[in-house]
Amino acid sequence: MNRKHLLIGACAVAAAVAYILLRPIPTNDVTSSTPPKGSPRVAIHIPPIEGNTAIGQRIFENACVACHGTNAVGVEGAGPPLIHVIYEPSHHADESFQRAVAVGVRSHHWRFGDMPPVEGLTRGDVTMIIAYIREIQRANGIN
């Protein structure tokens, strides 16, 4: 009787090992894959954009989109998403955006490298960009 139990146990162990070693490995595992360079970092909801926010959007598209992506969702390999809880107003006040544009900023949240100063933007331009970013943040629950 012991041999019968040992044989059944050995078969069960062999079946478990065979299952573990031979099972297909999922190819759509997002936790282990890296998005291609240049792809958006996050997906967001876009609210209606009008008034000063629309002006800020146009300025953003001309000065910031190469690194921070369309609608500030970030660009893999280039720049972080600004529509992210890290950039909520209580953590990065509006003045932090003003200073980042004026004097640049050292990398401290992401591994994108340092942000250089952005030439040709006035404080008023950046205020409009901030209005645009904050509007999208609010629409996505970042207050």
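Taken together, the values in this text are just the output of simple stated rules run on the coordinates, not laboratory data. Nothing here was measured: the structure is a model prediction, and the numbers come from that model. Here Cβ is always computed from backbone atoms with ideal geometry, including for glycine, and neighbour counts include all displayed protein chains.
Take H108, H92, H68 and order them by how many other Cβ atoms sit within 10 Å, fewest up front.
H108, H92, H68
Please work out whether segment 52-139 counts as rounded, prolate or oblate from its C-alpha gyration tensor, where a ≥ b ≥ c are the square roots of the eigenvalues and a/c under 1.5 means rounded, while otherwise a/b larger than b/c means prolate and anything else oblate?
rounded
Taking 0.36 nm per residue of separation and subtracting the Cα-Cα distance, what length does fully extending R123 through S90 add?
On the way: separation 33, 0.36 × 33 = 11.88 nm, distance 2.03 nm.
Working it through step by step, the gained length comes to 9.9 nm.
Name the residues whose placed amide hydrogens come within less than 5 Å of the amide hydrogen of V105, ignoring near sequence neighbours (fewer than 5 apart) on the same chain.
Those lying under 5 Å, H to H, from V105 are M115.
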